[in-house]
1. Looking at Val237, is it touching a helix residue (DSSP H, G or I) at 6+ places or on another chain (Cβ under 6 Å) and either crowded, with 18+ Cβ neighbours inside 10 Å or outside the structural domain of Arg78 (by TED's automatic domain parsing) (or both)?
2. Give the residues of the range 214-227 that are closer than 12 Å to Ile192 by Cα, in a helix (DSSP H, G or I) and of a type in the set (A, V, I, L, M, F, W, C), sorted by residue number.
3. Among the residues in the range 213-226, are any surrounded by fewer than 14 Cβ atoms within 10 Å (Cβ to Cβ), closer than 25 Å to Phe32 by Cα and more than 16 Å from the chain's Cα centre (by Cα)?
Amino acid sequence: MLAMHANPLTTTFVARLRDRDDEAWFELWTVFGPVIRSQLSRWGRGRVGAATVEDLTQDTLTALSGSIDRFDPDRGARFSTWLLSIAKHVLGDEMDRRHALKRGGGRRAASLDDSFMGQSDILQPDDEYERLVFQAKVHAAIRAAQKDCEFLHFEVYRMRVFEAVQGREVAARLGISEPTVSRHLQKVRGTIREHVTKVMGTYSFTPDELAEAEGAGLSGSDDLFDDAIADIHLSHVQLLEIDESRLPTE
């Protein structure tokens with residue numbers, strides 16, 4: 001059986017991480033930080049406070065930085081599994097540290113070997129985690145498209161698709177014609193589609209990850225695409241609101 005090779009977008013992004021590209025690491029933090037914090041909170045089951053979750057999320061990114069030179073996306077590990085395995089390793093070290101303090105002893109932190117690089121048979125991401133990772137990718141594509149689009153054009157799409165405002169009302173509110181609303185919708189939709197393809201390619205290490213967008217309806221007709229993108233967007237906005245409410249205040 002022939003080995004599956006990472007696509008050029010993935011290879012380029014991993015190379016940027018290895019080169020300690022600050023923008024690439026900030027991008028990774030911005031897109032997936034809320035997902036990591038959500039998962040750490042679920043694992044903690046109330047035993048890990050918001051400040052500790054934030055620290056552990058930063059530790060996860062630090063661990064990623066220390067291990068990226070040894071990571072090979074061609075080995076078949078999903079991008080989501082790679083993130084999750086290192087987050088679990090970081091949380092495990094924190095739990096071991098707490099147990100050691102209770103016992104009055106110490107414990108040397110485990111090394112971050114290949115078993116924590118997405119190859120562990122024990123660690124299996126659940127459906128909820130995979131859903132959050134996927135919607136984080138889609139939300140990143142939406143944000144990238146918003147930056148590429150003119151304000152008025154994206155505002156039309158936001159109102160029409162994300163807020164479900166009728167086209168006639170969108171036109172009246174913005175002082176434009178209904179045909180103009182339709183043109184702006186089509187243009188923004190095309191831009192979002194392009195960015196979905198790019199983001200999925202960047203943050204996907206396996207063929208099944210690349211196929212997730214199609215399975216979610218993002219390769220279908222315009223109506224199916226808009227319905228799917230709206231559901232994903234609104235779900236991720238809820239996650240971001242929950243994440244923000246959990247963040248420790250100064």
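The values are calculated or read from the model by the stated rules, or taken from the named source; none is laboratory data. Note that the structure is a prediction, hence the values are computed from the model and not measured. Cβ: placed from backbone, ideal geometry, glycine included. Neighbour counts: every protein chain shown.
1. Working: touching a helix residue (DSSP H, G or I) at 6+ places or on another chain (Cβ under 6 Å): no; either crowded, with 18+ Cβ neighbours inside 10 Å or outside the structural domain of Arg78 (by TED's automatic domain parsing) (or both): yes.
No.
2. Phe225
3. Yes, because at least one residue in the range 213-226 is surrounded by fewer than 14 Cβ atoms within 10 Å (Cβ to Cβ), closer than 25 Å to Phe32 by Cα and more than 16 Å from the chain's Cα centre (by Cα).
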